[in-house]
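The values are calculated or read from the model by the stated rules, or taken from the named source; none is laboratory data. Note that the structure is a prediction, hence the values are computed from the model and not measured. Note that we place each Cβ from the backbone using ideal geometry, even for glycine, and neighbour counts take in every protein chain shown. Heads up: the accessible areas ignore ligands, DNA and RNA and are worked out on the full protein's heavy atoms, side chains in. Shrake-Rupley method; radii C 1.70, N 1.55, O 1.52, S 1.80 Å.
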Amino acid sequence: MGYTALYRKYRPKTFEEVAGQDAIKRTLINQIINDRIGHAYLFCGSRGTGKTTVARIFARAVNCLKPENGSPCEVCDICRIEDNIDIIEIDGASSNGVDAIRELKEQVKYPPVNSKYKVYIIDEVHMLTASSYNALLKTLEEPPEYVIFILATTEPHEIPPTIMSRCMRFDFKLVPTEKIAEIISYVFNSSNIKASKEAIELIARSGLGSVRDALSIADMCAGFSAKEVTY
């Protein structure tokens, strides 16, 4: 098996592992525990702050048979399905045409195969065309009770108000440098990569609040330094 980038290898699988975003995590966890799941969510924020990761955790948690503190248990029959066909990820940049959204509307009519909910995660949703938004609008407003939409974007100002008003909006903040440094330290230790404290802090600062960017820089530094990553 080929090398896996650090940000992919150590992507969080539970809410507890997600860095920062405490208010967002608490709200979503409470919704799962109290069975008060919404039908449409809008995740906004800079790149690398956890939007898609939280969307994936939430999609698995709402379908988990025995969620633990709001997170997927990882051991039930649903959690053990590697590629759950009831969790559909769509790239808004490449599937932004009205035909793709019309196909989605047709798929929505069919209930989930394995799970309680059918979850659609639409990344970079701001890339959809005006006609695509119009096609999505009615379905987003009154979806079947077994469907959940999670829209993710780095450009919330480009989302039409008609779409935004039908979603619960969550704004993801930049992750503090100290949190990112803790993650890099954990990742280096887990990967048997030696690094000085000063080097880890510099990499964390270079991420500018993005965990993914920081881990990509860490990956490059680890590749450059044969024995130890130094300042």
Count of region 15-41 residues which are touching a Pro at 6+ places or on another chain (Cβ under 7 Å) and at negative phi: 3
Subset of region 121-139 [among the polar types (S, T, N, Q) and either surrounded by fewer than 17 Cβ atoms within 10 Å (Cβ to Cβ) or in contact with a Lys or Arg (Cβ under 7 Å, 6 or more places away or on another chain) (or both)]: Thr129, Ser131, Asn134, Thr139
Matching residues, region 124-165, being within 25 Å of Asp35 (Cα to Cα) and assigned to a strand (DSSP E or B): Val147, Ile148, Phe149, Ile150, Leu151, Ala152
Number of positions in region 187-231 that are of a type in the set (Ser, Thr, Tyr), assigned to a helix (DSSP H, G or I) and surrounded by 12 or more Cβ atoms within 10 Å (Cβ to Cβ): 2
Residues being in a helix (DSSP H, G or I) and open to solvent by less than 40 Å² (accessible area, probe 1.4 Å) - total across region 1-30: 6
Among the candidates Ile33, Ile37, Ile78, residue that is over 28 Å from Ile159 (Cβ atoms), open to solvent by less than 60 Å² (accessible area, probe 1.4 Å) and either among the β-branched types (Val, Ile, Thr) or modelled with pLDDT of 95 or more (or both): Ile78
Yes/no for Ala59 being touching a residue at least 12 places away in the same chain (Cβ under 8 Å) and part of a helix (DSSP H, G or I): yes
Every residue from region 110-120 that is among the charged types (D, E, K, R) and surrounded by fewer than 21 Cβ atoms within 10 Å (Cβ to Cβ): Lys116
Qualifying residues in region 83-109 (those that are closer than 23 Å to Ile57 by Cα, at pLDDT 85 or above and part of a loop (DSSP other than H, G, I, E, B)) - the one least open to solvent (accessible area, probe 1.4 Å): Asp86
Identity of the residue in region 140-183, polar (S, T, N, Q) and touching a Phe, Trp or Tyr at 6+ places or on another chain (Cβ under 8 Å), that ends up most open to solvent (accessible area, probe 1.4 Å): Thr162
Residue selected from region 42-52 under the condition of a type in the set (S, T, N, Q) and out of contact with any Asp or Glu (no Cβ under 9 Å at 6 or more places or on another chain), by the criterion most open to solvent (accessible area, probe 1.4 Å): Ser46
Residue in region 53-75 that is surrounded by the most Cβ atoms within 10 Å (Cβ to Cβ), counting only those that are under 21 Å from Pro144 (Cα atoms) and among the charged types (D, E, K, R): Arg60
